[in-house]
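The structure appears below as structure tokens.
The values are calculated or read from the model by the stated rules, or taken from the named source; none is laboratory data. Just so we're clear, the structure is a prediction, and the values are computed from it rather than from any experiment. Reconstructed Cβ throughout: ideal geometry from the backbone, glycine too, with neighbour counts over all protein chains shown. Note: areas computed on protein heavy atoms with side chains; ligands, DNA, RNA excluded. Shrake-Rupley method; radii C 1.70, N 1.55, O 1.52, S 1.80 Å.
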Amino acid sequence: AAHANAIFDVQWSSSGTQLAAASGDQTISLWDVSHERRATVFAHHKCTVKSVAFDTVGGSDLMVSGGRDGQAIVYDKRAPDAAVAVIADAAANFAAPPPRRRRRLSVSKTHFVRTFLCVLYSNLAFFS
């Protein structure tokens, strides 16, 4: 079985042999393309995983994900059971309109959303 919910992002590794899929089932699946099988599952998010990116600059085994839980999580592909780093509250809170309802209701509450739309693994030395 693949994912139990929608897939929100798919990224190729720099070698072209692996594919990572971020899903609404709160996991990232790492696929071995040459053998056509799922190699690893990363299950560290508490909500939908919206984005995933490989370290394409350093050629390492690291990748990063961002989810609706507001966390950015760094993984080592060789050790799926533990996250290398968890950056809690990495996504800033921003005000969003209240959810729509079928009946017209007067809702004055502001809802705050904390989510990622995209993550990018970048060479930080480039900016120094």
Ser23 being among the hydroxyl-bearing types (Ser, Thr, Tyr) and at pLDDT below 90: no
Some residue of the range 15-35 being over 18 Å from Cys118 (Cα atoms), among the aromatic types (Phe, Trp, Tyr), without any contact (Cβ under 8 Å) to a residue 60 or more places away in the chain and open to solvent by 20 Å² or more (accessible area, probe 1.4 Å): yes
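Please work out if His35 is assigned to a loop (DSSP other than H, G, I, E, B) and touching a strand residue (DSSP E or B) at 6+ places or on another chain (Cβ under 6 Å).
Working: assigned to a loop (DSSP other than H, G, I, E, B): yes; touching a strand residue (DSSP E or B) at 6+ places or on another chain (Cβ under 6 Å): no.
The answer is no for His35.
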